[in-house]
Structures are given as C-alpha cells and as structure tokens.
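The values are calculated or read from the model by the stated rules, or taken from the named source; none is laboratory data. Because the structure is predicted, anything quoted here is derived from the model rather than measured. Cβ coordinates were reconstructed from backbone atoms using ideal geometry, including for glycine residues, and neighbour counts include every protein chain displayed. Areas reflect the complete protein model, heavy atoms only, side chains present, ligands, DNA and RNA absent. Shrake-Rupley method; radii C 1.70, N 1.55, O 1.52, S 1.80 Å.
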Amino acid sequence: MEQALDKGLKAALAKSTAGLSPIALASAYSDWALHLGTAPGKQLQLLEKAGKKIWKWANYAARCASHPDGADPCITPLPQDRRFRGESWQKWPYNVMYQGFLLNQQWWYNATTGVEGVTAQHENVVTFSARQMLDVFSPSNFVATNPEILAKTISQGGLNLFRGWQNFVEDISRANSGKKPVGLDAFEVGRNLATTPGKVVYRNHLIELIQYAPSTEQVHPEPILIVPAWIMKYYILDLGDHNSLVRYLTAQGFTVFMISWKNPDADDRDLGMDDYLSLGVRDALDAVDTITNGQKVHAMGYCLGGTLLSIAAAAMARDKDQRLRTLTLLATQTDFTEAGELMLFINDSQLAFLDDIMWDKGYLDTKQMAGAFQILRSNDLIWSRMIHDYLMGERSQMSDLMAWNADATRMPYRMHSEYLRSLFLKNDLAEGRYRVGLGPIALSDIRAPVFLVGTERDHVAPWHSVYKFNLLSDTDVTFLLTNGGHNAGIISEPGHPHRHYRVREKSKDAPYTGPDRWMAETPAVDGSWWPVLAQWLSQRSGAPVKPPPMGAKENGYPPLCDAPGTYVLQD
C-alpha cells in the first residue's frame, strides 16, 4: 500500500510536469545556483558581460535609428536558428528587437555555463531549461513583434488570426477527443503507406515477420533482415512507392525481410530486453534461416533496433553463431556517453520518476514520449508550428513522413526501464557489462563487416555518438554520414533534392581517426546514399539465383496474411 501511494502520487504529479521530474530539475538548479552564489568572480564577469551587451545593443539601436539600412548586426543567430532570416527582420525596429533577444540569450548561456563545481549534466539541464524559457518570449512568437505576421495581419484584415483561432480550436478538440491530426486521414497503412507487396510468414506474441515479394527475376542468395526500432512503427522504411527503402532494395535484387513489432499494452508490462532479443531478433533470424535454406544474412538495424541488433550480433559472435554476413546500422548508438540532449532526461531521479509513471499503466504512453522529443526540438516542432498554423493562419501539408511520425507506439514498463538504465545511464553495452544469457558480451567480438550510417542533424542519435562504434569494433567499418536528421536523413531516396553524403571505409587494422577530422578529410558527394549501400551489399553477396519461396509451410513458416500484416494496424 505504501509503495502504491508513493508511485500514485508521482504519476499524478507527472501529468502537470510533462513527465519531467521536479526533483531532478530542482537538484540541477540548486547545484548551479549554490555554486554561482559562492563564485564572486563569475558574478563580476557576468555583470561585466551584461554591461558590455547593453552598451553594444544601445550602440546598434542608435546606428539603426540614424542609418536604418546600414547597421551591421552585433550578433548573428546560430546556423540552426531560422527565426530571423527574413528580410523584414533586418529593418527597424524589428532588427533591434531580435538583436536584443539574441544578446539576452547569449548572456544566459554565459550565466549557466562555466560555473566551477557544477556537474556536467546539471549544467546541461540548466542551460537547456533557460533556453526553453527564453524561447517562449522570442519576438518571433508574437503578432506585434513579428514583422512577417504583422504584415500578413494588416494585408488580410486579421483574417489570418481568425483562421489561426479556428485551427487552434480544431486541434484542441481533436486532441481531447482522441481523433487523428488534421490531414492524417489522407494516409492509410496498406493503401498509400507500407504498400510493398509481401506476406507475413511468422508471428509470435511480439513480432510479425514480413517477407517481401521479389521484384527481379533473380536475387542475391543472401537475404536482408531489417530490425526497426519499436519506439515507432516499422514502415518508416516502407513509406510511399517513391521513398521506400524496402522497395528500393528489392529492386536491386535482394530478398528483404522486415520485423513488425507489436504495439504493447498493459498485459505486456513485464516484457524486457531479453524478450525483444529472443522473440524479436532471434526468432526472426531463425525464420529467415529456414526460409532461405541456411543462407547467411545481411542484418540491418535502425535506431534502437540497430542497438538491439548489435547486442544480438555480439552474443552470436561470442557463441560462435556465424549466420550474419554483414551488419548495417542506421542512426544507431552503441556508446551512450555522447547521446545528445536526450541525456538531459537520463539520471537516477528522472528514471525513478519515469518508472512510477509507467508503473500504474504498465507502459509509457505515446503522448509522454512524443512530448519529450518535441521539447528537444521546440523551435521546429512547437513554436514554428504555432506561428505557421495559429498566427499565420495556414495549415501545414501532411506528408507521409509526418503521418508516420503521428502513428506512435507504447513502450512496456520493464523493457523501457531496462534499456534506459543499462544503455543510457550505465553505458553497459560499451563498457562490457551488458549480459546476454549467462555472461557479458563485447561488440569487439563482431567480425562481420559493418556499414554504419549517421545523419548530420540527428537529435536522437548524434552522429558523433554513432561514430563511436569505431572505438568498440574489431572489424572493417564503412562509415557514411548523410545530411538531414534522424528520420529524413535515412529516407533519402534517389532523386531527393538537396541530398549529399560522405563515406569512407576503414579496415580493422587501420588507425583510428576522430570524427571531426574524418569529416574534414572526407569530401561530400551529391545525391542519395542508398545506391552506396546497395553496392556495398552486392559486393558482399553471391551471384544472383532464383528467389526463395514465400515462407516455408512445410517447415512451420506458412504465409499467414498479406503485408503489412496486423500488428502495424494496432492503435
């Protein structure tokens, strides 16, 4: 009863804190404030910086008043900050407004960093929180201080604000009633999403295994098994006809299998990482091995699915299981010491709070997970949408990638707690403490060649973190860095505009090259990276042969239904 009381209280509290632990946040601010309070030198430095910034801003405002078109800015936005790029922002008085905002933002960055004694994580939390609070008051977020919104309001007589209010009311109404976002009805799994022909050839409590129909008369004998992340549904790799990685690989002469994860509910609360390994990767690999008559497999994992696949590959190497021909890891982390701003939410206090949130329901709700990712990219996912939909009065066009992103999944209590603690918090996989079966595993045991992909603007798996696989491996690694983010960078079909990549092979005996030097020395190539992957796989595959049958009924793997199956349709 006492345990239920504690957990119930924290679960109720989480509803008003967006799932963030107030104790963890208070600890971070206390650490910063106490150390700053006992650092008079730092305080004097901040006071001096404040005076200089005020003087700089006042001089800039005076120059703008006398020479409206000739004053050079006193501070430039960061490359990823696109709020003030428009021409109207460079005119008085809006240039003075946004310059003052950026100078204030810079001062708070100085105030929250470089305070001696503050732990690195607490410093990151305070800096991040300060930036989030300041962004609320950005001049771009208000009609009177945003020249683009103001011009539209005047030209349309305020109709844009009326339409924006209608959009806001409609969105709130849909969210409260559990309806899909506006525009999502135009996309349907099996109709214009996840349409590559295939059959479900195996099903257990956790996965459906899809075998895709061949689109060439002959195929390479080695099949591809794709392990997607279970945080979202698998069909990001099989979106539309034009941007499906699955469809592309089958057209290149490969037999492709895909795991489709079940969307867990309260009855699955005790499913753990071992279950995802055994019921997921191992059962799927056994099915592929049987259907293709013992051919070695090109295993491919995306995001957390790639992490699970890395664990499976290391365990197989330890146990002398040599069924993997190659390993392809897409936006996959195996060392979590530089896992980006997601680590802001990873400490003992926050994870205990998260456990209590999940304890009542038995799973992590989709809204809580989506909210965390929105906070990480608030300018792109919150404020820019507010400006576009509610102040400009326009509606963003729904795309297949946006439709997929809205089709979220839940996370079982036990599994989610285990992977956050073992991988993110303790970094057990990289440091040789992660146990599979009776003993620990080591990624250095993997001998299959690896194709490793990172994306330049990844907020989930930063490419510097993905690159760390080079430090853990003892095999040949081909690292490819593509532009784009965690999702859009991976969905980079041939013909996609404004795409480029860098790629270089490293033999297992070659000396290590740091990520920044690697990027500086590796030239960018325009175009999609998918052909590079297909060529790399082809070079490590046998001569084309007749495609294998769809399933193996006589060996316990009969075709059960058409792709995309049933698990992907679960709400």
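Please indicate, with yes or no, whether at least one residue in region 258-266 is more than 21 Å from the chain's Cα centre (by Cα), at pLDDT 95 or above and over 22 Å from Thr332 (Cβ atoms).
Applying the first criterion (more than 21 Å from the chain's Cα centre (by Cα)) to region 258-266 yields 265-266.
Those still in the list that are at pLDDT 95 or above too: none.
So far as region 258-266 goes, no, none of its residues is more than 21 Å from the chain's Cα centre (by Cα), at pLDDT 95 or above and over 22 Å from Thr332 (Cβ atoms).
Can Arg63 be described as free of Cβ contacts under 8 Å to residues at least 24 places away in the same chain and either part of a loop (DSSP other than H, G, I, E, B) or among the charged types (D, E, K, R) (or both)? Don't jump to the end; show me each part of the working.
Values: free of Cβ contacts under 8 Å to residues at least 24 places away in the same chain: yes; either part of a loop (DSSP other than H, G, I, E, B) or among the charged types (D, E, K, R) (or both): yes.
So Arg63 fits the description; yes.
If Asp270 satisfies all but one of (1) open to solvent by 10 Å² or more (accessible area, probe 1.4 Å); (2) modelled with pLDDT of 95 or more, what's the number of the condition it fails?
Just one mismatch for Asp270, condition (2).
Please go through region 276-303 and pick out each residue that is within 23 Å of the chain's Cα centre (by Cα) and either open to solvent by 40 Å² or more (accessible area, probe 1.4 Å) or of a type outside the set (A, V, I, L, M) (or both).
Of the residues in region 276-303, the ones within 23 Å of the chain's Cα centre (by Cα) are 276-277, 280-281, 299-303.
If the condition is that a residue be within 23 Å of the chain's Cα centre (by Cα) and either open to solvent by 40 Å² or more (accessible area, probe 1.4 Å) or of a type outside the set (A, V, I, L, M) (or both), then Tyr276, Gly280, Gly301, Tyr302, Cys303 are the ones that fit.
Filter region 502-520 down to residues that are of a type in the set (A, V, I, L, M, F, W, C) and either open to solvent by 90 Å² or more (accessible area, probe 1.4 Å) or part of a helix (DSSP H, G or I) (or both), then give me how many there are. First the steps, then the outcome.
Of region 502-520, the ones of a type in the set (A, V, I, L, M, F, W, C) are 503, 510, 518-520.
The next check asks that each one be either open to solvent by 90 Å² or more (accessible area, probe 1.4 Å) or part of a helix (DSSP H, G or I) (or both); those that pass are 518-520.
Matching residues across region 502-520 total 3.
If I ask for residues that are of a type in the set (S, T, N, Q) and either free of Cβ contacts under 8 Å to residues at least 12 places away in the same chain or open to solvent by 50 Å² or more (accessible area, probe 1.4 Å) (or both), which ones from region 73-97 would you list? Spell out the reasoning first.
Within region 73-97, the subset of a type in the set (S, T, N, Q) is 76, 80, 88, 90, 95.
Correct list: Thr76, Gln80, Gln90.
Identify the residue in region 521-549 that is open to solvent by 90 Å² or more (accessible area, probe 1.4 Å) and in a helix (DSSP H, G or I) and, among all such residues, is nearest to Ala448 (Cα to Cα).
Among them, the one singled out is Gln539.
Would you say Gly100 is out of contact with any strand residue (DSSP E or B) (no Cβ under 7 Å at 6 or more places or on another chain), open to solvent by 20 Å² or more (accessible area, probe 1.4 Å) and in a loop (DSSP other than H, G, I, E, B)?
Details: out of contact with any strand residue (DSSP E or B) (no Cβ under 7 Å at 6 or more places or on another chain): yes; open to solvent by 20 Å² or more (accessible area, probe 1.4 Å): yes; in a loop (DSSP other than H, G, I, E, B): no.
Criteria not met by Gly100.
What are the pairs with Cβ atoms under 7 angstrom where one residue, in region 215-232, is more than 16 Å from Tyr248 (Cβ to Cβ) and at pLDDT 95 or above and the other, located anywhere, is open to solvent by 40 Å² or more (accessible area, probe 1.4 Å) and part of a loop (DSSP other than H, G, I, E, B)? Sequence gap at least six, or different chains.
Taking only residues 6 or more apart or on different chains, the pairs are Gln218/Pro544; Gln218/Lys546; Pro221/Gln295; Glu222/Gln295; Glu222/Lys296.
Among the residues of region 108-127, is any over 28 Å from Ala339 (Cβ atoms) and of a type outside the set (Val, Ile, Thr)? Talk me through it step by step, then tell me what you get.
In the first step, residues of region 108-127 are kept if they are over 28 Å from Ala339 (Cβ atoms); the result is none.
No - not one qualifying residue is present in region 108-127.
Only residues that are hydroxyl-bearing (Ser, Thr, Tyr) and in contact with a Pro (Cβ under 9 Å, 6 or more places away or on another chain): list them for region 472-530, please. If you could, list the steps in order and put the result at the bottom.
Step one: list which residues in region 472-530 are hydroxyl-bearing (Ser, Thr, Tyr), which gives 473, 475, 478, 482, 492, 501, 507, 512-513, 522, 528.
If the condition is that a residue be hydroxyl-bearing (Ser, Thr, Tyr) and in contact with a Pro (Cβ under 9 Å, 6 or more places away or on another chain), then Thr475, Thr478, Ser528 are the ones that fit.
Being more than 16 Å from the chain's Cα centre (by Cα) and not hydroxyl-bearing (Ser, Thr, Tyr) is the filter; apply it to region 394-415 and report the residue that is surrounded by the fewest Cβ atoms within 10 Å (Cβ to Cβ). Don't jump to the end; show me each part of the working.
Taking region 394-415 and keeping what is more than 16 Å from the chain's Cα centre (by Cα), we get 394-400, 412-415.
Checking the rest, the ones that are also not hydroxyl-bearing (Ser, Thr, Tyr) come to 394-395, 397-398, 400, 412, 414-415.
Details: Glu394: 15, Arg395: 14, Gln397: 8, Met398: 17, Asp400: 20, Pro412: 27, Arg414: 20, Met415: 22.
Out of the qualifying residues, it is Gln397.
Can you spot a residue in region 552-566 that is touching a residue at least 12 places away in the same chain (Cβ under 8 Å), open to solvent by less than 30 Å² (accessible area, probe 1.4 Å), in a helix (DSSP H, G or I) and of a type in the set (Gly, Ala, Ser)? Walk me through it before giving the result.
Pass one, region 552-566, residues touching a residue at least 12 places away in the same chain (Cβ under 8 Å): 552, 555-566.
Then drop every residue that is not open to solvent by less than 30 Å² (accessible area, probe 1.4 Å), which leaves 552, 563-565.
Among the residues that remain, those that are also in a helix (DSSP H, G or I) are: none.
Scanning region 552-566 turns up no residue that is touching a residue at least 12 places away in the same chain (Cβ under 8 Å), open to solvent by less than 30 Å² (accessible area, probe 1.4 Å), in a helix (DSSP H, G or I) and of a type in the set (Gly, Ala, Ser).
If you check Val169, Val143, Val136, which single one turns out to be within 27 Å of the chain's Cα centre (by Cα) and within 16 Å of Arg385 (Cα to Cα)?
Values: Val169 fails: within 27 Å of the chain's Cα centre (by Cα); Val143 fails: within 27 Å of the chain's Cα centre (by Cα).
So the residue among Val169, Val143, Val136 that is within 27 Å of the chain's Cα centre (by Cα) and within 16 Å of Arg385 (Cα to Cα) is Val136.
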